[in-house]
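**Q** Structure in structure tokens, see below.
The values are calculated or read from the model by the stated rules, or taken from the named source; none is laboratory data. All values derive from a computational prediction rather than experimental measurement. Virtual Cβ from ideal backbone geometry, glycine too; neighbours counted across all protein chains shown. Ligands, DNA and RNA are excluded from the accessible area calculation, which covers all protein heavy atoms including side chains. Shrake-Rupley method; radii C 1.70, N 1.55, O 1.52, S 1.80 Å.
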Amino acid sequence: MFENFDPREGKRLQILNEDGQINSDLPKLPMLTNKQALHAFKIMVITREADDWAVSLNRQGRMPTYPPVKGQEANSIGSLMAVKNEDWFVQAFRELGGLLIRGVPLTQHYLYFLGNEMGSFYEPEKYHVLPISVPISSQLPHAVGLAYAEQYKGTDNITIVFNGDGGTSVGDFHESLNFAGVWNAPVIFYVQNNQYAISVPRHHQTASTTIAEKAFGYGFEGVQVDGNDVFAVYAATKLAANHARKGNGPTLIEGFTYRLGAHTTADDPTRYREDQEVADWIKKDPLIRLEKYVLNNKLITEQQIVTLKKEAKKQAHAAFEEADNFQKESLDNTFRYTFKNIPPILEEQLEQRRELEGGLK
Ligand SMILES: Cc1ncc(C[n+]2csc(CCOP(=O)(O)OP(=O)(O)O)c2C)c(N)n1
């Protein structure tokens, strides 16, 4: 499937370059239509505004710790556009763009980071999305299980699961790839290689030249794509999705990208990376690149972009206010959702909590 882009030969798939130009020398690949490219751009704009607003709210003391998506948007946007609504979307925590492609309201994302239990409730039949997973790579075994279950039921639904370069060092990652390879599970492992796991650079994470090449050791294909190029992400995911749907098993896609912001709002990246490195990556910003494309191809005007950005800002502000005014969850719920019947030790703790609350009044 990716014979022209074998990562072991140092190849990386890029379709849209940094100047917003399409590489016309490539073999035939699935392409976003103009309508889809414009949709991707619009979602990327709202993702960027919503993300910047979350960081700003954190600085105002209105949002707890938040992990910015800035610079990585094309990865989840392009890939979620290449799968269907019934395919399971198993996220890590930097996939806001993909959630918006799936139609999840922005309010829900803010609710999660405000610590509201309802932020983890994605109506399964409607969205086919699993909750955000902060314990690194713990979502991968679930994803493979879901994929295997769909195969067992005889549907043609697949699963796409995200994790980071740091997450490839965790046992869950290897166990999941191994299981998926052996059982031919219809799953796409999408690794967002944003070059760092907090302060740990990619080269300290693995001795492999690429993350994509790890797939071959598990008996399936891997491909490295320019993760700041929404066209390349879309093409690779579309091919991998068709491959899985036809019963040919898993694929590993490495999105080669960069986290332009901090790891979370609690991190100071100036302690471990050079300003020049960040400046170099700003030139590869997926949003700037896609903006050039939609303008060059007259899919939108400069004036319309100004309006779009203004509207996106308003939408982000309104979604946050809605989340902030959402009914607060009772602290009792902290004890409720792990077991069907609350075990005596948790009943006891719940009682203690209530007493403490009474005492504080
Ligand atoms: C199992 C586990 N160990 C450690 C942590 C603390 N932690 C949070 S994010 C992170 C780094 C993750 O890096 P990467 O997988 O590259 O994803 P990124 O944050 O860069 O998107 C770590 C170690 C955690 N959340 N879960």
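**Q** Tell me, how many Å apart are the Cα centres for the range 247-296 and for the range 143-196?
**A** Comparing the Cα centres of the range 247-296 and the range 143-196, I get a distance of 23 Å.
**Q** Rounded to the nearest 500, what is the chain's calculated 222 nm mean residue ellipticity when only DSSP H runs of at least 4 contribute -39500 (n - 2.57) each, over all residues? Spell out each step's value before the answer.
**A** Working: 13 runs with 161 residues, N = 361.
Computed mean residue ellipticity for the chain: -14000 deg cm²/dmol.
**Q** Rank-order 203-211, 63-71 by packing density, defined as the average count of other C-beta atoms within 10 Å over each peptide's residues, highest first. Each step should come with its number before you reach the end.
**A** Working: 203-211: 15.2, 63-71: 20.1.
Final packing ranking: 63-71, 203-211.
**Q** Which lysines have a Cα lying under 25 Å from the Cα of K28, excluding residues fewer than 8 positions away in the same chain?
**A** Partners found: K11, K84, K238, K246, K284, K292, K298.
**Q** Now for a different question. Using a 1.4 angstrom probe on the protein heavy atoms only, line up M1, M81 by accessible area, largest first.
**A** Numbers: M1 60, M81 25 Å².
Putting M1, M81 in descending order of accessible area: M1, M81.
**Q** If we sort 169-178, 269-278, 232-241, 336-345 on the protection proxy, mean other Cβ atoms within 10 Å, highest first, what's the order?
**A** On the way: 169-178: 17.7, 269-278: 11.7, 232-241: 26.3, 336-345: 9.5.
The packing order, highest mean first, is 232-241, 169-178, 269-278, 336-345.
**Q** Can you give the extra length, in nm with one decimal, that the chain gains between L356 and D324 once fully stretched, where that is 0.36 nm per residue apart less the Cα-Cα distance? Intermediate values should be presented prior to the final figure.
**A** Details: separation 32, 0.36 × 32 = 11.52 nm, distance 2.54 nm.
Residue separation times 0.36 nm, minus the Cα-Cα distance, leaves 9.0 nm.
**Q** Related question: For a protection proxy built on the mean count of beta-carbon atoms within 10 angstrom, sort 318-325, 351-358, 55-62 highest first, please.
**A** Working: 318-325: 15.9, 351-358: 10.8, 55-62: 13.1.
Packing proxy ranking, top to bottom: 318-325, 55-62, 351-358.
**Q** Restricting to DSSP loop positions (anything but H, G, I, E, B) with no more than 13 other Cβ atoms inside 10 Å of their own Cβ, which GluC sites (Glu not before Pro) remain in the range 34-101? Before the final figure, lay out the partial values.
**A** On the way: sites: E49, E73, E86, E95; in loops: E86, E95.
For GluC sites (Glu not before Pro) across the range 34-101 that sit outside H, G, I, E and B with at most 13 neighbouring Cβ atoms in 10 Å, the list reads E86.
**Q** Over 27 Å apart: what share of the alpha carbon pairs of the range 3-329 falls there, rounded to a whole percent? List each step's numbers first, then the result.
**A** Numbers: 21549 of 53301 pairs.
Looking at the range 3-329, the distances longer than 27 Å represent 40 percent of pairs.
**Q** Then there is this: Is any helix in the chain, taking whole DSSP H runs, at least 30 angstrom long along its axis by alpha carbon and on average at least -0.5 on the Kyte-Doolittle scale, and which ones?
**A** Working: long enough: 34-59 (38 Å, -0.25); 302-324 (33 Å, -1.01).
Span-like helices, by this rule, are 34-59.
**Q** Here is a further query. Figure the gain on full extension for A279 and I345 (residue separation times 0.36 nm, minus the Cα-Cα span) and round it to one decimal in nm. Walk me through the numbers on the way to the answer.
**A** Working: separation 66, 0.36 × 66 = 23.76 nm, distance 5.32 nm.
Difference between extended and current length: 18.4 nm.
**Q** Related question: Summing +1 for each Lys or Arg and -1 for each Asp or Glu, what net charge is found among the other residues whose Cβ lies under 11 Å from the Cβ of E95? Could the numbers behind the result be given before it?
**A** On the way: positive: R94, R102; negative: E73.
Every neighbour counted, the sum reads +1.
**Q** Summing Lys, Arg as +1 and Asp, Glu as -1, what charge do residues with Cβ under 15 Å from the Cβ of V191 carry, V191 excluded? Mind dumping the intermediate values first?
**A** Values: positive: R12, R94, R202, K214, R259; negative: E95, D165, D172, E213, E221, D226, E254.
Residues close to V191 contribute a combined charge of -2.
**Q** Also, quick follow-up: How high is the relative contact order of the chain? Use alpha-carbon pairs under 8 Å, at least six apart in sequence, and give a whole percent.
**A** 25 percent
**Q** If we count every other residue with Cβ under 13 angstrom of R62's Cβ, Lys/Arg +1 and Asp/Glu -1, where does the sum land?
**A** Values: positive: R59; negative: E321, D324.
So the surrounding residues net to -1.
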